[in-house]
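Reviewing the structure listed below.
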Amino acid sequence: MPSFAYVNRQYVPLREAFVHIEDRGYQFADGVYEVCLVVSGRLWDIDGHLARWARSLAALSIDAPISDRALRIVIAKLLARNRLKDALVYMQATRGVARRNHPFPLQAVLPSIVMTARHFDLAKSDSMAQMGVQVITAPDIRWGRADIKSISLLPNVLAKEAARRDGAVEAWLVRDGCVTEGAASNAWIVAKSGALITHPLGNEILGGITRQTLLACVRDLQIRVEERPFSVEEAFGAQEAFLTSATNLVMPVVQIDRRAVGDGRPGEVSRRLREAYKERCVSEA
């Protein structure tokens, strides 16, 4: 069965999905994106994703290409056309098509929007979580507004490729000796005291929607959390570690730079939080 994409208000076969050569997303990475998880036909954390989508668009002074209500309808129709019940939905908006020039176009242009959907295997993700994953550390060389979910991702791409070459699934980015976040996830450790530690919100990190929901789970479970930077050395000595993202949910980390975290197996806190996150998303979807 052919896959379908949504491109500027039309549903088209994926093999025929194209954007204009002078789209500013292609020329300047002048755009934003979101990735949403769908399980059993229900969108997880969708309110948070749409709120961040709006915030990122506003930060770059890009008009919303369609309303939030229309976005929900498009997502539902795209899933139906692709016959998907479990999926990752990618949506991207750019400033639009204009003659190549660094400043914003003088005349108003229509923002571009594209959306794709691909199968997500929750059972496979759960299996991976039972084993845990490896991460490496890499210098954080990103621009100063990592809080905007911009499509300008070259530093993240380079860090992810370095991780892949080292047999890891993610790179934890390091600035001034402290872990900011992963190349495509938020980073967490469980200290020997049992407290959760994760970098606070700010320009240095992208405020993950999974992160946001997990903090609500943590409050319900009355687990102490410290939103502060943590050093690489603290991570090496942590009792547990994990990462969060829409594509990974809550994923235990068992090795950092080939050094075992704790006993080298997914810890009790990580496993508990993964289940709590899933239960919350199911109840709120």
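The values are calculated or read from the model by the stated rules, or taken from the named source; none is laboratory data. The model shown is predicted, which means the values in this text are computed figures rather than measured ones. A quick note on method: Cβ atoms are made from the backbone with ideal geometry, for glycine too, and the neighbour counts reach across all protein chains shown. Note: areas computed on protein heavy atoms with side chains; ligands, DNA, RNA excluded. Shrake-Rupley method; radii C 1.70, N 1.55, O 1.52, S 1.80 Å.
Of note:
- Where the chain is the region considered: accessible area per residue in Å², 1.4 Å probe: 49
- Simple Cβ-charge dipole of the chain, Lys/Arg +1 and Asp/Glu -1, about Cα centre, in debye nearest 20: 780
- Rel. contact order, % - alpha carbon contacts under 8 angstrom, at least six apart, the range 177-244: 49
- Considering only 180, 101, 135, and ranking their Cα positions along the charge dipole of the chain that arises from unit charges at the beta-carbon of Lys, Arg, Asp and Glu, the one farthest toward the positive end is 101.
- Over all projection directions, the Cα-based convex hull of the range 1-113 averages an area of 7.0 nm².
- Length gained on full extension, residue 55 to residue 128: 23.0 nm, using 0.36 nm per residue less the C-alpha separation.
- Distance in nm between pseudo-label sites at residue 11 and residue 225 (7 Å out along the Cβ direction from Cα): 3.7
- Electrostatic dipole magnitude of the range 67-158 [Cβ: Lys, Arg +1; Asp, Glu -1; Cα centre; debye, to 20]: 500
- The chain, helix-only ellipticity at 222 nm - DSSP H runs n ≥ 4, -39,500 (n - 2.57), divided by all residues, nearest 500: -9500 deg cm²/dmol
- Relative contact order of the chain, taken over Cα pairs closer than 8 Å and 6 or more residues apart, is 18 percent.
- FRET efficiency for residue 19 and residue 141, using Cβ-Cβ distance with R0 set to 35 Å, rounded to 0.05: 0.80
- Spin-label model distance (nm) - residue 99 vs residue 72, 7 Å beyond Cα toward Cβ: 4.2
- Carbon/sulfur fraction of accessible area - the chain, other protein chains in place, 1.4 Å, %: 52
- Spin-label pair residue 29/residue 153, simplified geometry with 7 Å Cα→Cβ offset, distance in nm: 1.1
- Full extension of the chain between residue 260 and residue 175 yields a length gain of 28.4 nm, computed as 0.36 nm times the residue separation minus the alpha carbon distance.
- Among 120-132, 264-276, 179-191, 85-97, the order from most to least packed when residues are scored by Cβ within 10 Å on average: 179-191, 85-97, 264-276, 120-132
- Pairwise alpha-carbon distances in the chain exceed 31 Å for 29% of all pairs.
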